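Here's the structure we're looking at; comments come further down.
Values in this text are rule-based calculations from the coordinates and carry no lab data. If you're wondering where the values come from, they're calculated on a predicted model, not measured in any experiment. A quick note on method: Cβ atoms are made from the backbone with ideal geometry, for glycine too, and the neighbour counts reach across all protein chains shown.
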Amino acid sequence: MAKSKESWNKKEKENQRKKKKEDKVKRKFEKKETSKDSGKKTFEDMIAYVDENGRLTTQAPDLTVKKKVISAESIEISTPKREDVDEGPVEHTGKVAFFNTAKGYGFIKDPLNNESYFVHMNDLITPITENDNVTFKVEPGPRGLKAVEVKKI
């Protein structure tokens, strides 16, 4: 007598595969049914609005509020234009903190802002020595501000 080609183990595995396939089809169908009900969005649900601060909201803007009118000329996109600022007195007064006559340079201390300014002998109008009170103007130099047109008081 010949044995059956199908064993109990083969039948069991095939039944498991069929059940798995049926379960998958059933889950797919259930998912489709639930998504139809909850997934229906109206056009109003999909709209997003932008408020006056640029944030997204779900509420429509209130059109009864009076809008602020802004002229296009008042909007600055690049860096703002530099306005002329009065930089204080043109002529400063100070005291010579150090001056080397052999080398031809020194420093003047401004009592208003406690800054020292470099001075060279070519920028002197009258000769100066240490501890002299002087008047001077300030100009930008190669290493910072320097005193020019220096006069002894």
Practice problem: Treating cross-link reach as a plain straight distance, find the aspartates and glutamates whose alpha-carbon is under 16 Å from the alpha-carbon of LYS151, omitting any fewer than eight places away in the same chain. | Solution: GLU91, ASP110, ASP123, GLU130, ASP132, GLU139
Quiz item: Who wins for biggest fluctuation among LYS95, LYS20, LYS109 in a Gaussian network model of the chain, springs between alpha carbons below 10 Å?
Solution: LYS20
Practice problem: Name the residues whose placed amide hydrogens come within less than 5 Å of the amide hydrogen of ASP132, ignoring near sequence neighbours (fewer than 5 apart) on the same chain. | Solution: VAL96
Quiz item: If one takes the longest principal axis of the Cα atoms in the chain, at what angle in degrees, from 0 to 90 and to the nearest 10, does the Cα axis of helix 8-38 lie?
Solution: 60 degrees
Quiz item: Quick one: Kirkwood hydrodynamic radius for the chain, alpha-carbon pairs, angstrom, one decimal?
Solution: 25.6 Å
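Hey, what number do you get for the chain at 222 nm if only DSSP H runs of n ≥ 4 count, each worth -39500 (n - 2.57), divided across all residues, to the nearest 500?
-7500 deg cm²/dmol
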Quiz item: Taking amide H positions as placed 1.01 Å from N in the peptide plane, with prolines and chain starts having none, which residues 5 or more places from LYS146, or on another chain, fall under 5 Å of its amide H?
Solution: GLU139, GLY141
Quiz item: Each label point is 7 Å from the Cα along the Cα-to-Cβ direction; what then is the distance between the points at LYS66 and ASN15, in nm?
Solution: 8.3 nm
Quiz item: Under 21 Å from the Cα of LYS13, which lysines turn up, not counting those fewer than eight places away in the same chain?
Solution: LYS3, LYS5, LYS21, LYS24, LYS26
Quiz item: If the limit is 21 Å between Cα atoms, which of LYS41/LYS66; LYS81/LYS146; LYS95/LYS152; LYS20/LYS41 go over it?
Solution: LYS41/LYS66; LYS81/LYS146; LYS20/LYS41
Self-check item: Binned Cα-Cα distance frequencies in region 92-152 - 10 Å width, integer %
Solution: 26, 63, 10
